[in-house]
Amino acid sequence: MKRRVIVTPYQPEWPLLYQIEASQLRQVFQSELVAIHHIGSTSVPQLAAKPIIDILAVVREVERVDEFIEAMAKLRYIAMGENGIPGRRFFYKGKSRRSHHVHIFAEDSPQIKRHLAFRDYLRHHPVECEQYGQLKKQLAKQFPKDIDSYVAGKSHLIRELEQKALIWSEQREFKK
């Protein structure tokens, strides 16, 4: 069954939903957890998004995450292994109507910087944020029952924005 593509205006409760889930994940991973972040479109104020809270968990050793699959299942998460990104562990909550995605990486993974730079770039660049939001709304209307085409339609702009975000992030680090 294909997942429906629903993009909604930004919802002010999304940060609270993240905080609630992050608290539960801290209890699951305890000392293995190094950091936890709200990422993805629901973490960017005013950005239209699929109403799925994306969470980035940073752990000491990603291989150890497999030891927590049962504990995650008790929180109703489904484990998907790497799910297409080497060095990641991916979990989702909600079968056909997902509510949360958890992306877990080891603390030395370059994926962490990529996700955080993209989020922060959109938070600080309203024109690009609006452009991205408009594209997502257009694609959701065009492909309401085809998540793969929706994702493919965003990929070019995402790559472009990620490149800008990484350069911008490096410049910010250099100025510190």
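The values are calculated or read from the model by the stated rules, or taken from the named source; none is laboratory data. Note that the coordinates shown come from a computational prediction; the quantities given were computed from them, not determined experimentally. Please note: Cβ atoms are built from the backbone with ideal geometry, for glycine as well, and neighbour counts cover all protein chains shown.
Just the residues that are without any contact (Cβ under 8 Å) to a residue 40 or more places away in the chain and either small (Gly, Ala, Ser) or surrounded by 19 or more Cβ atoms within 10 Å (Cβ to Cβ) (or both), please, taken from the range 112-157. If the condition is that a residue be without any contact (Cβ under 8 Å) to a residue 40 or more places away in the chain and either small (Gly, Ala, Ser) or surrounded by 19 or more Cβ atoms within 10 Å (Cβ to Cβ) (or both), then 149, 152, 153, 155 are the ones that fit. Within the range 2-42, the residues that satisfy the criterion of being touching a residue at least 12 places away in the same chain (Cβ under 8 Å) and part of a loop (DSSP other than H, G, I, E, B) are 2, 3, 4, 5, 6, 7, 9, 10, 11, 40. Quick check on the range 123-176: of everything there that is over 19 Å from residue 40 (Cα atoms) and acidic (Asp, Glu), which residue is modelled with the lowest pLDDT? It comes out as 173.
Apart from one condition, residue 2 fits all of (1) modelled with pLDDT under 95; (2) surrounded by 18 or more Cβ atoms within 10 Å (Cβ to Cβ); the exception is (2).
Inside the range 89-108, residues that are buried (at least 20 other Cβ atoms within 10 Å of the Cβ) and either among the acidic types (Asp, Glu) or under 26 Å from residue 160 (Cβ atoms) (or both) make up a count of 3. Summed over the range 44-72, residues that are within 29 Å of residue 144 (Cβ to Cβ) and touching an Asp or Glu at 6+ places or on another chain (Cβ under 7 Å) total 2. Does residue 78 meet the test of being in contact (Cβ under 8 Å) with a residue 60 or more places away in the chain and either surrounded by 16 or more Cβ atoms within 10 Å (Cβ to Cβ) or under 17 Å from the mean Cα position of the chain (by Cα) (or both)? No.
Residue 173 satisfies every condition listed in (1) in contact (Cβ under 8 Å) with a residue 24 or more places away in the chain; (2) out of contact with any strand residue (DSSP E or B) (no Cβ under 8 Å at 6 or more places or on another chain); (3) charged (D, E, K, R) except (1). Residues of the range 70-99 that are farther than 14 Å from residue 57 by Cβ and part of a strand (DSSP E or B): 78 alone. With respect to the conditions (1) assigned to a loop (DSSP other than H, G, I, E, B); (2) within 13 Å of residue 54 (Cα to Cα); (3) among the hydrophobic types (A, V, I, L, M, F, W, C), residue 102 falls short on a single one, namely (1).
Checking the conditions here, which among 17, 75 is in contact with an Asp or Glu (Cβ under 9 Å, 6 or more places away or on another chain) and farther than 23 Å from residue 109 by Cα?
75
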